[in-house]
Amino acid sequence: MDLSFHNFEEDPEILLSNEWLFYWNQLLESDEIATTAPDTLLPFTTNWATLTPYSAFGYATYYLEIILPAERPDLAFSVPDFYTSYTFYVNGAEFSRNGTVATSKETYTPYWLPKTKALGSFDADTLQLVLHVANFHHNRGGAYLPIKLGEVEHMFFNQYLEYGYSFVLTGALLMGGMFFLGLYLFGRHEYTILFFSLFCITYSFRILSFGSYALHLLLPDLPALLSLNLEYIALFLAGILFSLYTLYLYPKETSKTIIYIICLISVLFIVLTVILPLQYSSQLIIPYLAVLVLAILYGFWVYLRAALNKQPGANYSLFSYGVIIAVFIHNIAVYFGYLSPSLLINFVGYVFFFFFQSLVLSFRYTKNLKTALFRAEESARAKSQFLSTMSHEIRTPLNAVIGLSGLLSETAQNDQQLEYSTTIKKSGESLLSIINNILDFSKIESGSLELEEAEFSIVETTELVMDLIGSYTKKPNVELIYDIDEEVPEFLVGDATRLQQVLTNLVANAVKFTEEGEILVRIKVEKKLNESMVLRFEIKDTGIGIPADKLGRLFQSFSQVDASSTRKYGGTGLGLVISKRLIEAMNGEIWVTSTEGTGSTFSFIITLGLSNRIPTIPEFRILNNKNVFILDDNETNLRILKHHLVKARITVTTFKDPLLLLEKKDSLNEFDLGILDMQIPQKSGIDVAREIRELWDKKELPLVLFSSVHELENIEDRKLFNLYLRKPIQQSRFLINLEPLFNKARQKKVAEKNEMPSAHLFKKGVSILVAEDNKVNQKVILHILERLGITPQFAENGQIAAEMNATNNYDLILMDMEMPVMDGLEATKKILSDSSKSPVIIAMTANAMAEDKERCIKAGMDDFISKPVTVNSVKNLLTKWLGES
Ligand code: ADP
């Protein structure tokens, strides 16, 4: 081969695929070549098996002499692998080898590894190349790729590139395969995902053990025959896995029979590979390629049909399949020597194929997820709809139970009847609160919770909660106290109803689990922002506490610390969950700290908007410089009350012990006012007051009593005090209440109001129409109104109500929402369209949702009262709209 005019700079690489001298079944040294006649001149990449009289098995010497140019760069040879061992000599010295070349199967060893090696410097202008090749295993003998000679850097670069592609591709496939395997094991047990992951992993091995034989580079001691067998098995296994993957991916478009046949054939090939010697098993690859071509064509048909049937992700499948077919065709052509191998085609092809197949799976995965999500949302909606309907249905009869039992207890003939009716009423009320909880919970769960944004007074909201809870708790040994920091603005913007609900929940829980001590609600500013403010609420009790191991589960649905069947405390375990969700909706969070046996503190922060309304700070001039004493055994209470009084420039002396106060009898004269707590261990406030009144001359000293009891039984006791305040004390009204004590003219008016409503509160002749279809409810409202001295008229439905309104002048109409013929909303619109009449219209409904209220107001109603109605709620409502007589 004359290269004397070859320019290596222009063309850095030469394939030595021309004809070489060929000596069959001889292993000659370089110097023997000149004296021995060759058998033939043989094109270098000739398969021995295809040439008579030669065969695949045997050994041979190849010889080539190259004349090099005088000017040349440093050179290197890239020697591929041969079937199946070789030794390569350059100018008489061994240059590289694979395995051991020998003349018998027993003495030779096969090996495959392409090698690139620099030639080093030498003086001669010719190269004598001698190549010994021996094969006793493979069904093809000799070379299938040429030796390359070229510029040293270029040659090494190409070699590394080849390894690089192999490793990157292997790594990518392995990672992808592992990822999908993980998805299968820990997430979705879908066979498509499993088979695809195994296919990726198997194929990654095949890429490593094929072509540039990178596997041999990693594991040089791996026996060559084993690695060849593994390479074959990997190919057959990949065929099985991909067929199964296709079957599970598009079961409708794929024929099970065909897939099973392909799998069966592949299994057969695997078995044969394992049991047959390499001489035969190396012949399996060609028939398998034929099977593969048929399988690939069938696969293409499947993917085409899937795409036509618009199966999810089928377009990606089809595209990736097209790419892989091109790669296979290319490789088969390379195998038969029609094309030279192209790394780039293989690399890009495989990457595209695997990427698009993963897309198919991801596409399916997310689609399934979306469908599941949609179904879940659908069912949540159905659930919440069901709960709201159900609660409405339960509320209607409950209305009767609570309303009538309330009336019953007022007219009770004896104690037993009173007890029975009170129990019925209480049970009804607790049932109602459970229903309210469930309704709220389902609403929050279904995501239909909407928060209001309105200005409200934080003091009022807190006092409302404390007052409400104080009014029904009968625990004389538990003090209910609240303490709002000075810095907290009176008016803020947010959802007062929801905040009130959270506070009620937490304070009610605190009361429920505390037998003795105090419940302190503290409100502080956590952070000031530009247009909002983060407030921190703390509800601290001295109750039973919560064991540390139960703290974590507290905010989960239906979870209670004591869930045993013998538990002492009732409840549904929903209160805290609802509170948590509401707080989260207000951009906040809730947490709890607790010591068993000592008490718990529930804390939460929420963000509220700032309001620009400035509260009017009342002045209490009359109280300035007055000298007041307070007697209370609870220190927190003393501290807070003192603070309020001192702010109004009142001089305050506090006493914890009544005996200490009484000892100071001489200095009592200095005081202008005394404030006494009723529940004191050593001596009750009443006793202290009696002593003050009886024993000293200061009979005129105004005395104020705090008590959690509604009213003092004993008239004599009542006379001891000038003012009686029920606990929890409303701090905002505390000073207002004190003021009249020093204002003689108004003094008489100050007296605790009788809690029970009495007849004839409203002006004579008030006319009320009640639109209500349910007979029981009619009876309830009739009795309630009669208790208030009003005899209403009734309409069976909205239509009749509208007609009755046209002929009568009603002051007020109580309107049920759901009625036959015409519902409350329609009726309201009809009544209001008659501009000559303007009765106050109030919705009366069992629908408790906030949006129901909104619908009523939109229809033109003035107010809303939710069933079950009670004497008090109706009285308050009528007072608001009709005013007292
Ligand atoms: P419920 O009170 O209806 O059972 P909650 O969600 O309000 O439901 O409370 C869940 C549980 O948390 C209660 O059953 C109780 O075991 C515990 N818990 C809540 N607040 C307190 C508290 N202040 N002290 C002790 N345990 C409490």
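The values are calculated or read from the model by the stated rules, or taken from the named source; none is laboratory data. These numbers were taken from a predicted model, which means no experiment stands behind them. All Cβ positions, glycine included, derive from the backbone under ideal geometry; neighbour counts span all protein chains shown.
Here are a few things to note about the model shown:
- Tally, over region 784-808, of residues that are surrounded by fewer than 18 Cβ atoms within 10 Å (Cβ to Cβ) and closer than 23 Å to Ser409 by Cα: 3
- When the criteria are applied in full, Lys527 meets the requirement of being touching a strand residue (DSSP E or B) at 6+ places or on another chain (Cβ under 8 Å), closer than 19 Å to Glu589 by Cβ and free of Cβ contacts under 8 Å to residues at least 24 places away in the same chain.
- Selection of helices (runs of 4 or more DSSP H) fully inside region 124-242 by the criterion of at least 2 residues being within 36 Å of the chain's Cα centre (by Cα) and modelled with pLDDT of 90 or more returns 152-186, 191-208.
Here's the yes/no breakdown for (1) at pLDDT 85 or above; (2) basic (Lys, Arg); (3) under 25 Å from Leu404 (Cα atoms):
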site	(1), (2), (3)
Pro792	yes, no, yes
Met804	yes, no, no
Gly824	yes, no, yes
Thr828	yes, no, no
Lys837	no, yes, no
Ala843	yes, no, yes
Asn847	no, no, yes
Arg855	no, yes, no
Asp862	yes, no, no
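- Residue match in region 863-874 (condition: over 24 Å from Met390 (Cα atoms) and crowded, with 18+ Cβ neighbours inside 10 Å): yes
- Hits in region 510-553 - residues which are within 14 Å of Gly599 (Cα to Cα) and hydrophobic (A, V, I, L, M, F, W, C): Ala510, Val511, Phe513, Ile519, Leu520, Val521, Ile539, Ile544, Ile546, Ala548, Leu551
- Residues in region 495-515 that are modelled with pLDDT under 90 and not in a helix (DSSP H, G or I): Asp495 only.
- Single condition Val79 does not satisfy, out of (1) at pLDDT 90 or above; (2) aliphatic (A, V, I, L, M); (3) farther than 21 Å from Glu29 by Cβ; (4) within 60 Å of the chain's Cα centre (by Cα): (3)
- Counted residues, region 503-538 - those being polar (S, T, N, Q) and under 29 Å from the mean Cα position of the chain (by Cα): 4
- Some residue of region 594-601 being without any contact (Cβ under 8 Å) to a residue 60 or more places away in the chain, within 30 Å of Ile546 (Cα to Cα) and assigned to a strand (DSSP E or B): yes
- The set of residues in region 596-630 being out of contact with any Gly (no Cβ under 8 Å at 6 or more places or on another chain), away from the ligand (no atom under 16 Å from the Cβ) and of a type in the set (Phe, Trp, Tyr) consists of Phe620 alone.
- Of all the listed residues (Ser611, Ser684, Ser667, Ser600), the sole one being of a type in the set (Gly, Ala, Ser), surrounded by fewer than 21 Cβ atoms within 10 Å (Cβ to Cβ) and within 30 Å of Asn587 (Cβ to Cβ) is Ser611.
- Among the residues of region 647-663, the ones that are part of a helix (DSSP H, G or I) and either more than 22 Å from Glu619 (Cα to Cα) or touching a strand residue (DSSP E or B) at 6+ places or on another chain (Cβ under 6 Å) (or both) come to 6 in all.
- Hey, Ser600 in contact with a helix residue (DSSP H, G or I) (Cβ under 7 Å, 6 or more places away or on another chain) and of a type in the set (Ser, Thr, Tyr) or not: no
- Residues within region 561-595 that are within 9 Å of the ligand (Cβ to nearest atom), loosely packed, with under 15 Cβ neighbours inside 10 Å and at pLDDT 75 or above, tallied: 0
- Count - residues of region 146-164 that are touching an Asp or Glu at 6+ places or on another chain (Cβ under 8 Å), closer than 22 Å to Ile345 by Cβ and charged (D, E, K, R): 1
- Pairs linking a residue in region 769-786 that is touching a residue at least 24 places away in the same chain (Cβ under 8 Å) to a residue that is among the hydroxyl-bearing types (Ser, Thr, Tyr) and not in a strand (DSSP E or B), with Cβ atoms under 6 Å and 6 or more positions apart or on different chains, are Leu769/Tyr810.
- Verdict on Leu219 being out of contact with any Gly (no Cβ under 8 Å at 6 or more places or on another chain), more than 30 Å from Ile66 (Cα to Cα) and surrounded by fewer than 22 Cβ atoms within 10 Å (Cβ to Cβ): yes
- Residue in region 391-403 that is surrounded by 14 or more Cβ atoms within 10 Å (Cβ to Cβ) and hydroxyl-bearing (Ser, Thr, Tyr) present: yes
- Of all residues in region 326-343, those satisfying the criterion of being without any contact (Cβ under 8 Å) to a residue 40 or more places away in the chain, farther than 16 Å from Phe199 by Cβ and either in a helix (DSSP H, G or I) or not hydroxyl-bearing (Ser, Thr, Tyr) (or both) are Ala326, Ile329, His330, Asn331, Ala333, Val334, Phe336, Leu339.
- The strands (runs of 3 or more DSSP E) falling completely within region 36-101 that include 1 or more residues that are hydroxyl-bearing (Ser, Thr, Tyr) and surrounded by fewer than 17 Cβ atoms within 10 Å (Cβ to Cβ) map to 40-43.
- Of all residues in region 507-521, at least one satisfies being within 16 Å of the ligand (Cβ to nearest atom) and on the phi > 0 side of the Ramachandran plot.
- Pairs where the first residue, in region 492-518, is farther than 14 Å from Asn437 by Cα and the second is part of a strand (DSSP E or B) and near the ligand (Cβ under 8 Å from one of its atoms), C-beta under 7 Å, 6+ apart: Val507/Ile539; Ala510/Ile539
- Residues located in region 530-560, provided they are free of Cβ contacts under 8 Å to residues at least 40 places away in the same chain and either within 10 Å of the ligand (Cβ to nearest atom) or not in a helix (DSSP H, G or I) (or both): Asn530, Lys550, Arg553, Leu554, Phe555, Gln556, Phe558, Ser559, Gln560
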